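In what follows, a structure is listed as structure tokens, so that the remarks can point back to it.
The values are calculated or read from the model by the stated rules, or taken from the named source; none is laboratory data. The structure displayed is predicted, hence computed values, not measured ones. So basically every Cβ, Gly included, is an ideal-geometry build from the backbone, and we count neighbours across all protein chains shown. For accessibility, only protein heavy atoms count, side chains too; no ligands or nucleic acids. Shrake-Rupley method; radii C 1.70, N 1.55, O 1.52, S 1.80 Å.
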Amino acid sequence: MSLYTENQIATLSDICFRAVSEHLKVLGTTAVLDLPRELLKGLTPYLNVCQLDELQPGLNLKGISTLPEWYKVYLQLGGWASLKASDPEQNVKQEVMWRIFAMVINDQGLPQSVGKHLNTPDILLTAAKSINHFKLSFKRNSRVDLIVGQTPVLRVLEETVTTLSLWLEKIVLGEERRLQMYIIHRLMKHGVTKHVVLRTDYHYILSKVLFEGGCLSKHHREDTWNDDEEEEGSPAKLLKMYPDVLDQNVHTCTGCPNRVIEHLELADCSLRSLKNLTKILPSCTHLTALTVRGKNTFQFSDVLDFTKALKQLFQHSDASLRRLSIYSLSYLSLLSLLLHAYPRLKELNVEFDNVFQEKLPLWKDTGLCFYQCGSFSRRCLLCPNYPAGELPLARLSVEMHQDLLTAPNFLLSVLRCCPHLVTLHVKGMRLLIPYSQKELLNTLSEYNGNLTSLYLTDLNLSDCFHELLTLLRVCKLEELHLHDCRLLERHSDKQAVMWLLVKALKTVPSLRKLTLSENRLACNVHILAELFSGPAPSSVEYLDLRLNFIQPADLLLFAEALTTHPPPNRLTLNLAYNMGVRDKRSWNAALDKLRPFCQLVFNDWDSRNLMADHISNM
């Protein structure tokens, strides 16, 4: 009988490699890893995922990468966009194992090329060793019994899963739901889970998660959970009802460790879920991070009770909350209101949509000192733990999806109270004429001199060039990201502006990452090579030039200039979504010149259907 490999008659080496793979357990890993390096490289394509996982540490020690094999499995599992063949080996392996685990648990069935000759317990246990994010979905026909029934799998998950995603629906009842509740208990009380992502509208599930996560006392749980639900989710009752499924010695839950989660995230949060959270929040003193992702835009009245609960939490001296993220809001004034409700925040991330900008009434019944338009005053921020008018906020992110009709005072007033700010993200804050972003940049220069990372996206800075130069002189930036900021838009002499920008950037010795994507640099891009010229070259190690209408001839000029004075450190250069497809030969010649001192990131984006030639010359 003939053996075939990919429709071809197998060679002797094919037969030998296949035999080693089929009898690996008998041979043992030590004997296999003693094979010569070239034979081991030839063996890797014949290994299944369990064997690849077992041999990978030994192969890596011999300088053999398993990345090509993991990436091949990744493609076989339907992965395309999220990972590339150049990504780190461990990242690709982790994604493969996560997909395999999810497919087995959801009873989807693995492709024959991946699951052939593998039994379900073995592949589930192997995958469990590599995943740190487990998604548990309350839907019919899920195979959670495989986790509970195979006790080693649950034990391994307790040691590896740091993030637990729970998409819970009330329609799943009975045995399956009780098994799922038991898994939640084990991972949160006995495991290393610190981050829980929850999508549900049901209050008893939220209280269950917070109770198991150590953020809710038994007294508060009893107030929010009826006895029937509590009994149904009890691990003790689960053991009594399913002695044939659970190992009594392993799953007895007496004396559970007092472990707590640190980060709660509500995904697709409805108004009902927000109200459920509001009832419980004042008791969640152990939470260090809270994320609320709204299903729809929250109105001012929706968030008002939430801010009251936030202030009640702040009044607990042992409250640990330091990071708050909430998406999406409708009133700009809520930015200051959230900070005033909980002044101890170190990080705040907010998103605004369908913004209302009219003046708000004075909310006397909120229990919060809140002024019209949400602007801070020094008197408003008095707090016994902090100097007047000063907040400890270190990281702030503000994202918008609507043009502003007025000056951005809602943000500027907050920035003036945050002298310790080190990271700022501002996205989509578009101002209509006659307003300008000059005041934003001037505020940063005057009040936020400790900034090390600045991310500005979709802001028109075309009339703010001198303010930007001042900011570069004042702040010791390590990262500067200017994406779609129209840097050259209103300047007739674009080259002169580029030279001034390069000169200013070279005066920032701390700068390591620079993003200038989607700024229509086009034929002026070669001037950026001067960052690395002269006796004091820039220390930039990452340069993002995506979406700049860079033609092959422009890149060739940049490469030739960089060749004469290469960067002192290897430069990661992102050239994706430019015009390379229009003259492949010249583009590839430029890339070849850059490779000796650049780690290149690019793609084969086809721009020929766009008016890119016209736009790049505007």
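Quick rundown of the values:
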read-out: Under the Karplus curve 6.51 cos²θ - 1.76 cosθ + 1.60, θ = phi - 60°, whole-Hz ³J(HN,Hα) for the range 257-265, x wherever Gly or Pro sits; value: x, 8, 9, 10, 7, 10, 10, 10, 10
read-out: Nonlocal amide H pairs with residue 397, under 5 Å, H built at 1.01 Å; value: 348, 349, 350, 425
read-out: Among the listed pairs 506/593; 308/427; 41/135; 308/346; 311/438; 25/72, those beyond 25 Å (Cα-Cα); value: 308/427; 41/135; 311/438
read-out: Solvent exposure of the range 248-352 as accessible area per residue, Å², 1.4 Å probe; value: 37
read-out: Derived scalar couplings ³J(HN,Hα) [the range 119-132; Karplus, 6.51 cos²θ - 1.76 cosθ + 1.60; whole Hz; x for Gly, Pro]; value: 8, 4, x, 5, 5, 5, 5, 5, 5, 4, 5, 10, 9, 10
read-out: Length released on extending from residue 297 to residue 504, taking residue separation times 0.36 nm less the Cα-Cα span; value: 70.4 nm
read-out: Most to least packed among 197-210, 447-460, 273-286 [average Cβ atoms within 10 Å]; value: 197-210, 273-286, 447-460
read-out: Added length on full extension, which subtracts the Cα-Cα distance from 0.36 nm per residue, residue 599 to residue 76; value: 185.5 nm
read-out: Stokes-Einstein translational diffusion, the range 386-435 - Kirkwood Rh over all Cα pairs, 1.306 mPa s, 10 °C, in µm²/s; value: 132
read-out: Karplus-derived 3J(HN,Hα), 6.51/-1.76/1.60, for each residue of the range 35-51, Hz, glycine and proline x; value: 5, x, 4, 5, 5, 5, 4, x, 6, 3, x, 9, 8, 7, 5, 5, 5
read-out: Amide H partners (placed H, <5 Å) of residue 294, local residues excluded; value: 269, 327, 328
read-out: Mean Cβ neighbour count within 10 Å, used as a protection proxy, ranking 37-47, 17-27 highest first; value: 37-47, 17-27
read-out: Cut-off under 5 Å, modelled amide H: who pairs with residue 136 long-range; value: 165, 166, 167
